[in-house]
Amino acid sequence: MLEEFIIRATLAGLAVALATGVLGCFVIWRKMAYFGDALSHASILGVAGGLALGLSSFIGVLAIAVVISILLFVLDRRWYATDTILGVLSHSALAFGLIAANLMSGVRISLEALLFGDILAVSWADLWVIWGGALAVVSVISWRWSRLIAMTVGYDLAASAGINGRREQLVLTLTLALTIAISVKVVGALLVTAFLIIPAATGRRLASTPESMALASVAVGAVSVIVGMAVSYEFDTLAGPTMVASAAILFAVAQVIPKRY
Amino acid sequence: MSLITLQDVSVKYDADPVLLNVNFSVNAGEIITIVGPNGSGKSSLLHVLTGALAQAGGDVIRSSGLKIGFVPQKLLVENTFPMTVRRFLSLPAKVSDQAAKDALDRVGSPELWGRQVSELSGGQFQRAMLARAIIGRPDVLMLDEPTQGLDQPGSAAFYQLIAELRDEIGCAVVMVSHDLHVVMSASDRVICLNGHICCEGAPDVVSTAPEYRALFGKGTKGALALYRHDHDHSHTHDHPHSH
């Protein structure tokens, strides 16, 4: 008989696999990996800030991720290159976050849980938030799907059909902020990007269209979560890293399959 | 009949004027080639015509229910992005398999159906983009430097295809060309742009003369022509234009 915390953890992992699987495709297509990395590192300030203000860590992470997304959107290419602005914003947030987390450590924050996730400590309340967030991400992306795909193929092509590429990019960055907010508790600030990139990169090998790549990417993420949880339970390894390691092995296996597309 | 009319249209990027007081119209069935140096506002003019770019001043008048087929400047679709040509034809809105098949047949490339867009050659990709643009029988076909990256026979074949499509569909064609002097011979009008319209006229169809044959090479079947610019002032391109 499976213990309840294992079921909660697996369900939380599956929600993360759903959101990161869909959004991870755009992270790969639009080369937003550094953006994902930056937002997840900055989330440490969000966790510390959220708890210091007596709010949930989810609200704190969401707030900091949204603030950085919007700042980036406003400042983009005005004085510095995108990755420079991103580096300044996110590493500043990381530094302040680490100081805050350290000051509060032992009291309410475990640095290890922040960095590597604490999936086994997911509560039923957390689970509602995580699934709510994941479904919100998937709904928004599905709603904007054809515009997002047109914009990914080309801004000019999208613009000629009345699609505002910049607005769609904002949709992507905000849903990515939400995805990171729900994922940090589960897989940790260091490994969120792994969940965005590895399943989607694996899905690429199996897919011939953007739609099938998104589905394959979610499936690979889900299998990684289930295998990772089972291995972690059996051999007492860290749950978050074990799920990412499972995804990495699936990625390697997919490279052996002869390329069809 | 005029499909799109521009009246005193100006376009700015931030504060920099790109186009000043441009007046011109696109008439049904005609082929217009727009030439001009880099930064002369060619693409901006095209984007104003499609409606993708808002003008800073003046009026853009489109006939009601106007359908535009657009072929963007060469896109870079990387192989991280899986997309079959069939799926590409459903951008931005879904089209039926039959419509997709008809469009690929019409551009003479039915074999591209299941191919990955990222693996197409320059010429194949141009045909796929053209197929996408003609789905739904547009009133105007707009192309942004469609022959960039194609060699001369490739350009000539592409121009012939455009001329055939125009005859078949009856659409007007507005094409931006990166080449100032060698244009599509079927152009009814060539417009030379440099922030404003410098000059316009018909291209010289000279492909039968041996010296031009030598210039254009064989196998272009008269698809290319020369355009003689009838303005003699020289342009510097780092300042907005006013004369």
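Worth a mention:
- Subset tally (residues that are more than 9 Å from chain B (Cβ to nearest Cβ) and either open to solvent by 60 Å² or more (accessible area, probe 1.4 Å) or farther than 30 Å from B:PRO138 by Cα (or both)) for region A:142-176: 12
- Of all residues in region A:105-158 being without any contact (Cβ under 8 Å) to a residue 24 or more places away in the chain, part of a loop (DSSP other than H, G, I, E, B) and of a type in the set (Gly, Ala, Ser), the one that is farthest from A:ALA189 (Cα to Cα): A:GLY154
- Residue, nearest to A:ALA95 (Cα to Cα), within region A:177-208, restricted to residues that are open to solvent by 30 Å² or more (accessible area, probe 1.4 Å) and assigned to a loop (DSSP other than H, G, I, E, B): A:LEU190
- Restricting attention to region B:150-186 and to residues that are modelled with pLDDT under 85 and within 13 Å of B:ILE34 (Cβ to Cβ), the residue that is most open to solvent (accessible area, probe 1.4 Å) turns out to be B:HIS178.
- Residues of region A:2-45 classified as of a type outside the set (Gly, Ala, Ser), open to solvent by less than 10 Å² (accessible area, probe 1.4 Å), closer than 25 Å to A:PRO210 by Cα and more than 14 Å from chain B (Cβ to nearest Cβ), total: 4
- Members of region B:1-48 that are among the basic types (Lys, Arg) and not in a strand (DSSP E or B): B:LYS42
- Condition check for A:VAL88: part of a helix (DSSP H, G or I), closer than 13 Å to A:LEU23 by Cα and either of a type in the set (Phe, Trp, Tyr) or open to solvent by 10 Å² or more (accessible area, probe 1.4 Å) (or both): no
- Filter result for B:LEU75 (within 14 Å of chain A (Cβ to nearest Cβ), under 23 Å from A:MET151 (Cα atoms), at pLDDT 90 or above and open to solvent by less than 30 Å² (accessible area, probe 1.4 Å)): no
The values are calculated or read from the model by the stated rules, or taken from the named source; none is laboratory data. Everything quoted here is computed from the prediction, not taken from an experiment. Don't worry about glycine lacking a Cβ; one is built from the backbone with ideal geometry, like all the others, and counts go over all protein chains shown. Just so you know, the surface numbers come from the protein's heavy atoms only, side chains and all, with ligands and any DNA or RNA stripped out. Shrake-Rupley method; radii C 1.70, N 1.55, O 1.52, S 1.80 Å.
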